[in-house]
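Enquirer: Shown below is the structure under consideration.
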Amino acid sequence: MRYASHHKQATRERIVEAAARRFREKGFDASGVQGLMEAAGLTHGAFFNHFASKEDLVAEATSAALDQRVNGVRKQLEAGRGIEGYIRSYLSLGHRDNPGRGCAAATLAAEVARRSVEVRQAFAEGVSQLIEILAAHWPDLPPEEASARAMALYGLMSGTMQLARATPDEALSRRILEAGIQAALELLSGKPGSAPG
């Protein structure tokens, strides 16, 4: 029985991981249950052994995608790359060209806004964790001001990535990323008490 329970949990995690990647690549509505299960290497019929509905999977996959981003940021900071390293990594060509492994906010925010409360809550919790990590960069600021700067920084980064992905002009896309890096670094180096930017 323990094996069965462990196996079911491992299968569920595999579905969530495949869905989190696919949703970031194609959006929530571009993949039906059958396609999601095929991406996880499973049959369509097994879906309802793990989830009550596709919306349940959307919420869990959104949470998982943001957890991956939170863990990635922590690893970068622990490796000594700092917030500047994170900014450069985030606003890179590699991130732009690999949305399935990237930030859920940069790929799914507009879609999340039209989903259920559960999906929006999962998204909000993940984004809140990221903002908390970024806000720690300004320990000398009052917590609310540090949080406001972190929100502005994260919004700038995710918006820049959306614009860079949306344009078919490679040169313009690169310029958007470079401008985003510059603006993010200026915001990052703002002196305590000064206006962000």
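The values are calculated or read from the model by the stated rules, or taken from the named source; none is laboratory data. Treat the numbers as computed from the prediction; the structure is a model and nothing was measured. Backbone-built Cβ (ideal geometry, glycine too); neighbour counts: all protein chains shown.
Enquirer: Quick one: Ala52 ticks every box in (1) modelled with pLDDT under 85; (2) of a type in the set (A, V, I, L, M); (3) not in a helix (DSSP H, G or I) bar one, so which box is it?
Expert: (1)
Enquirer: Report those helices (runs of 4 or more DSSP H) wholly inside the range 72-172 carrying at least 2 residues which are without any contact (Cβ under 8 Å) to a residue 60 or more places away in the chain and under 18 Å from the mean Cα position of the chain (by Cα).
Expert: On the way: elements: 82-90, 93-96, 104-112, 117-135, 143-166.
Here the list reads 82-90, 104-112, 117-135, 143-166.
Enquirer: Turning to a different aspect of this structure: What number of residues in the range 141-177 are of a type in the set (D, E, K, R) and exposed (fewer than 13 other Cβ atoms within 10 Å of the Cβ)?
Expert: Filtering the range 141-177 for residues of a type in the set (D, E, K, R) gives 144-145, 149, 165, 169-170, 174-175.
Those left that are additionally exposed (fewer than 13 other Cβ atoms within 10 Å of the Cβ): 144, 169-170.
Residues flagged as of a type in the set (D, E, K, R) and exposed (fewer than 13 other Cβ atoms within 10 Å of the Cβ) within the range 141-177 amount to 3.
Enquirer: Do you know which residues across the range 87-120 are surrounded by fewer than 15 Cβ atoms within 10 Å (Cβ to Cβ) and either among the hydroxyl-bearing types (Ser, Thr, Tyr) or out of contact with any helix residue (DSSP H, G or I) (no Cβ under 8 Å at 6 or more places or on another chain) (or both)?
Expert: Once the filter is applied, which keeps residues that are surrounded by fewer than 15 Cβ atoms within 10 Å (Cβ to Cβ) and either among the hydroxyl-bearing types (Ser, Thr, Tyr) or out of contact with any helix residue (DSSP H, G or I) (no Cβ under 8 Å at 6 or more places or on another chain) (or both), the range 87-120 yields Ser89, Gly94, Asp97, Asn98, Ala110, Arg114, Ser116, Val117.
Enquirer: So, one more: May I ask you to verify whether Arg175 is within 20 Å of Ala64 (Cα to Cα), assigned to a helix (DSSP H, G or I) and either more than 21 Å from the chain's Cα centre (by Cα) or among the basic types (Lys, Arg) (or both)?
Expert: Working: within 20 Å of Ala64 (Cα to Cα): no; assigned to a helix (DSSP H, G or I): yes; either more than 21 Å from the chain's Cα centre (by Cα) or among the basic types (Lys, Arg) (or both): yes.
No.
Enquirer: State which residue is surrounded by the fewest Cβ atoms within 10 Å (Cβ to Cβ) when the search covers only the range 19-71 and only residues that are over 20 Å from the mean Cα position of the chain (by Cα) and of a type in the set (Val, Ile, Thr).
Expert: My answer is Thr43.
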